[in-house]
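Encoded as structure tokens, the structure appears first; notes follow it.
Throughout, read-outs are computed from the coordinates displayed, never taken from laboratory work. Since the model is a prediction, treat every value here as computed from it, not as a measurement.
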Amino acid sequence: VDTAAGETLVSLRDKINRLNAGATPTGVTASIVSVSATDHRLVLTGARSGTEGDFALGETGGTGTLAALGLDAGATTGAPIVQAARNARFSIAGLPMERSSIAVAAAIAGVTLPLTAADEGATEG
């Protein structure tokens, strides 16, 4: 995505989403979440679930555009919240399993299990 001076979240979102058209879509969609009347955030989401949907931001030419937009994870101020893609971890009959989807179809023949919530007190790992 080429950015320009005066770029807005709306124009950046639209540019990112246009890259999902055609024969080689990026697999990343952008949306804007309005936290408050003055706090609006760009949210980037991978089209695939679990770790298969993982992506990274990068730039060429060393222009510092990501930092200027507040999207540089290495920035000292205004660094974005970055959530790594993760697979769902669960167990059936005490057997630990991991899947990229929260609709588990292949663990038990003929049964699709919807994973709906984390166990109370469970931690990420």
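Taking H as built 1.01 Å from N, whose amide H comes closer than 5 Å to the amide H of Val104, not counting residues under 5 places away?
Leu113, Leu115
Once amide H atoms are built 1.01 Å from N in the peptide plane, which residues 5 or more positions from Met97, or in another chain, come under 5 Å H to H?
Phe90, Ser91, Ile92
Around Asn20, which amide H atoms from residues at least 5 apart in sequence, or from another chain, sit under 5 Å from its own amide H, with H modelled in the peptide plane?
Those lying under 5 Å, H to H, from Asn20 are Thr26.
Fully extended, how many nm does the chain gain between Ser91 and Ala118 (0.36 nm per residue separation, minus their Cα-Cα distance)?
8.5 nm
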